[in-house]
Amino acid sequence: MLTFAEKRTRSSDVALTGYHEVALQQLRTNLQLMDWRFGDVSDVGPILDFASGFGRMIRLLVVSVPKSDIWVSDIQADAVAFQQEQFGVHGIASTTTPEEFEPGRTFNFISVASLFSHLPDDLFTRWLVKLYSLLNPGGLLCFSVHDQVLLGEVRALPESGIDFDHTSENDALDTSVYGTTHVSEAYVQRAVQRASGSSAFIRIKRALAYEQDMYILQKGEASAAAPFRFEYGPWGWVDQARMTQPGRLFLSGWAATVDTETSITSVEVRLDGKLAQVCMPNFQRDDVRAHFGNDAFGFAISDSSGTTRIACDSEAFSGCGWECHVPCDATNPGHFLEVTAVASNGWRCPLYLGSIENALN
Ligand SMILES: C[S@@+](CC[C@H](N)C(=O)[O-])C[C@H]1O[C@@H](n2cnc3c(N)ncnc32)[C@H](O)[C@@H]1O
């Protein structure tokens, strides 16, 4: 993921920022779902991060959950070995064929970030069947997909409800089993029915990195500790960084949160750990608003009685633009620059982490 982002952004610091930004957001999503279902993250029991990569989320999860409760699995053996060595979690080698995947145990919580968004039709349902079968009663399976809306005007979704393109970010994987996939909600619902025998699911639109939708299945009827609740948290980006004159750095970008009871209270800029500037998002960014479109965020809660839809803050992106000038030492472009969006609930989102030099564009 990181290598791909590095090629695309042409800056290792921009790529690393994106990696950490998504890691933190994935962690918050998983912790909220664990809290919701089990009451407390320490009561979850065995957790599987399937298709974990090199542990983008696991490196943070090990801070909150005992390592002895965490299993990771990936088709890339070196990714599994890396996490066993670095984070002390259990590792399981995965397989290309779902029916051959036998971890020898079951789990209370299975997280699958960004695998179903790459699977062809046949494997999509077969992996869902396999992973659901590995859940203990009352357990949760959470997986992300690219919704059809992300196809935009590139091409229409086929009637089957799934579009599979034989290209991906990972050159090491066979493109007949790992490409780029877009699906409709109806397609996922059919796959869920095949895997679980029920049409019950929760869909959180754009829950992963303000992009991929998250679907949540629960095995059996066990009741959650509290009504379903989810906060996306803050999100944003630094779009421009340039020196307007020696010792004066200009930064601009956007920061927003779609959570209805939360707002962005500031964008903080730090140089070498010291607060150097604070600004507020306060001007229109019609491009950001247009990028997401209307009704891009919210939840669908589906059970035998039908589907309830709950929308999120549709005005979140009005006034999300921010800019500021930061005094800095012009002789030292290696200063460590941190730009962070801060939300009113105290959640923070890194917008840039790295040297000034690597931020300049
Ligand atoms: C887009 S990456 C996501 C990695 C990680 N979940 C994250 O969010 O950073 C997809 C991952 O799926 C893994 N993968 C592909 N096919 C797999 C399979 N059959 N079993 C397990 N992992 C697989 C890839 O090796 C890759 O690490």
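Taking the stated definitions as given, is Arg56 within 9 Å of the ligand (Cβ to nearest atom), assigned by TED's automatic domain parsing to the domain that holds Leu173, touching a residue at least 40 places away in the same chain (Cβ under 8 Å) and basic (Lys, Arg)?
Working: within 9 Å of the ligand (Cβ to nearest atom): yes; assigned by TED's automatic domain parsing to the domain that holds Leu173: yes; touching a residue at least 40 places away in the same chain (Cβ under 8 Å): yes; basic (Lys, Arg): yes.
Against the criterion (within 9 Å of the ligand (Cβ to nearest atom), assigned by TED's automatic domain parsing to the domain that holds Leu173, touching a residue at least 40 places away in the same chain (Cβ under 8 Å) and basic (Lys, Arg)), Arg56 qualifies.
Out of curiosity, is Ala156 closer than 24 Å to Gly293 by Cα and in contact with a Cys (Cβ under 9 Å, 6 or more places away or on another chain)? Quick ask: steps written out before the conclusion?
Values: closer than 24 Å to Gly293 by Cα: yes; in contact with a Cys (Cβ under 9 Å, 6 or more places away or on another chain): no.
Judged against the criteria, Ala156 is not a match.
Quick check on Ala195: is it in a helix (DSSP H, G or I) and within 22 Å of the chain's Cα centre (by Cα)? Full working, then the answer.
Numbers: in a helix (DSSP H, G or I): yes; within 22 Å of the chain's Cα centre (by Cα): no.
Here the answer is no, as Ala195 does not meet what is asked.
Quick check on this structure: which one of Glu169, Glu185, Glu231 is within 16 Å of the ligand (Cβ to nearest atom) and surrounded by 15 or more Cβ atoms within 10 Å (Cβ to Cβ)? Don't jump to the end; show me each part of the working.
Values: Glu185 fails: within 16 Å of the ligand (Cβ to nearest atom); Glu231 fails: within 16 Å of the ligand (Cβ to nearest atom).
Just a single option satisfies the conditions, and that option is Glu169.
Within region 38-53, can you find the residues that are more than 14 Å from the ligand (Cβ to nearest atom) and out of contact with any Phe, Trp or Tyr (no Cβ under 7 Å at 6 or more places or on another chain)? Spell out how you get there, then give the answer.
Let us first name the residues in region 38-53 that are more than 14 Å from the ligand (Cβ to nearest atom), namely 38-46.
If the condition is that a residue be more than 14 Å from the ligand (Cβ to nearest atom) and out of contact with any Phe, Trp or Tyr (no Cβ under 7 Å at 6 or more places or on another chain), then Phe38, Gly39, Asp40, Val41, Ser42, Asp43, Gly45 are the ones that fit.
Checking the condition crowded, with 17+ Cβ neighbours inside 10 Å, out of contact with any Cys (no Cβ under 6 Å at 6 or more places or on another chain), under 30 Å from Leu271 (Cβ atoms) and modelled with pLDDT under 95, which residue from Ala209, Ala200 passes? Reasoning before the result, please.
Values: Ala200 fails: under 30 Å from Leu271 (Cβ atoms).
Result of the check over Ala209, Ala200: Ala209.
Determine whether Ala241 is at pLDDT 90 or above and crowded, with 20+ Cβ neighbours inside 10 Å. Lay out the reasoning, then the answer.
Numbers: at pLDDT 90 or above: yes; crowded, with 20+ Cβ neighbours inside 10 Å: yes.
It is true that Ala241 is at pLDDT 90 or above and crowded, with 20+ Cβ neighbours inside 10 Å.
Being among the aromatic types (Phe, Trp, Tyr), in contact with a Lys or Arg (Cβ under 7 Å, 6 or more places away or on another chain), within 12 Å of the ligand (Cβ to nearest atom) and more than 30 Å from Asn361 (Cβ to Cβ) narrows it down to one of Phe116, Phe124, Phe101, so name that one.
Working: Phe116 fails: in contact with a Lys or Arg (Cβ under 7 Å, 6 or more places away or on another chain); Phe124 fails: in contact with a Lys or Arg (Cβ under 7 Å, 6 or more places away or on another chain).
Among Phe116, Phe124, Phe101, only Phe101 is among the aromatic types (Phe, Trp, Tyr), in contact with a Lys or Arg (Cβ under 7 Å, 6 or more places away or on another chain), within 12 Å of the ligand (Cβ to nearest atom) and more than 30 Å from Asn361 (Cβ to Cβ).
Just for strands (runs of 3 or more DSSP E) wholly inside region 257-347: which have at least 2 residues that are more than 24 Å from the chain's Cα centre (by Cα) and among the charged types (D, E, K, R)? Spell out how you get there, then give the answer.
On the way: elements: 264-271, 274-279, 298-303, 306-311, 321-327, 336-343.
In region 257-347, no matching strands (runs of 3 or more DSSP E) lie anywhere.
When the residues of region 60-88 are narrowed to those that are away from the ligand (no atom under 14 Å from the Cβ) and assigned to a loop (DSSP other than H, G, I, E, B), which ends up nearest to the chain's Cα centre (by Cα)?
Per the criteria, the residue is Val65.
In region 306-324, which residues are of a type in the set (Gly, Ala, Ser), free of Cβ contacts under 8 Å to residues at least 40 places away in the same chain and over 17 Å from Glu185 (Cβ atoms)?
Initially, region 306-324 is screened for residues of a type in the set (Gly, Ala, Ser), giving 306, 311, 314, 316, 318-319, 321.
Within this subset, residues satisfying the condition of being free of Cβ contacts under 8 Å to residues at least 40 places away in the same chain are 306, 311, 314, 318-319.
Ser314, Ser318, Gly319 - these are the residues of region 306-324 that are of a type in the set (Gly, Ala, Ser), free of Cβ contacts under 8 Å to residues at least 40 places away in the same chain and over 17 Å from Glu185 (Cβ atoms).
I'd like the full set of residues that are part of a helix (DSSP H, G or I), away from the ligand (no atom under 14 Å from the Cβ) and over 28 Å from Ala296 (Cα atoms), limited to region 130-153. Give the derivation first.
Narrowing region 130-153 to residues part of a helix (DSSP H, G or I): 130-133, 148-151.
After this cut, where a residue has to be away from the ligand (no atom under 14 Å from the Cβ) as well, the list is 132-133, 148-151.
Answer for region 130-153, where residues must be part of a helix (DSSP H, G or I), away from the ligand (no atom under 14 Å from the Cβ) and over 28 Å from Ala296 (Cα atoms): just Ser133.
For region 119-167, enumerate the residues that are over 19 Å from Gln26 (Cβ atoms) and among the polar types (S, T, N, Q).
Answer for region 119-167, where residues must be over 19 Å from Gln26 (Cβ atoms) and among the polar types (S, T, N, Q): Thr125, Ser133, Asn136, Gln148, Ser160, Thr167.
Asn108 is checked against (1) crowded, with 19+ Cβ neighbours inside 10 Å; (2) among the polar types (S, T, N, Q); (3) within 12 Å of the ligand (Cβ to nearest atom) and fails just one. What number does that condition carry?
With respect to (1) crowded, with 19+ Cβ neighbours inside 10 Å; (2) among the polar types (S, T, N, Q); (3) within 12 Å of the ligand (Cβ to nearest atom), Asn108 is out only on (3).
Tell me, yes or no, whether region 218-229 has at least one residue that is part of a strand (DSSP E or B), aromatic (Phe, Trp, Tyr), touching a residue at least 60 places away in the same chain (Cβ under 8 Å) and outside the structural domain of Leu131 (by TED's automatic domain parsing).
Narrowing region 218-229 to residues part of a strand (DSSP E or B): 218.
Restricting the remaining residues to those that are aromatic (Phe, Trp, Tyr) gives none.
The answer is no, given that none of the residues of region 218-229 is part of a strand (DSSP E or B), aromatic (Phe, Trp, Tyr), touching a residue at least 60 places away in the same chain (Cβ under 8 Å) and outside the structural domain of Leu131 (by TED's automatic domain parsing).
Does Val112 satisfy the criteria of being modelled with pLDDT under 95, in the same structural domain as Arg28 (by TED's automatic domain parsing), under 17 Å from His182 (Cα atoms) and of a type outside the set (S, T, N, Q)?
Details: modelled with pLDDT under 95: no; in the same structural domain as Arg28 (by TED's automatic domain parsing): yes; under 17 Å from His182 (Cα atoms): yes; of a type outside the set (S, T, N, Q): yes.
Considered against the rule, which asks whether it is modelled with pLDDT under 95, in the same structural domain as Arg28 (by TED's automatic domain parsing), under 17 Å from His182 (Cα atoms) and of a type outside the set (S, T, N, Q), Val112 comes out as no.
The values are calculated or read from the model by the stated rules, or taken from the named source; none is laboratory data. Just so we're clear, the structure is a prediction, and the values are computed from it rather than from any experiment. Here the Cβ is made from the backbone with ideal geometry for all residues, glycine too, and neighbour counts use every protein chain on show.
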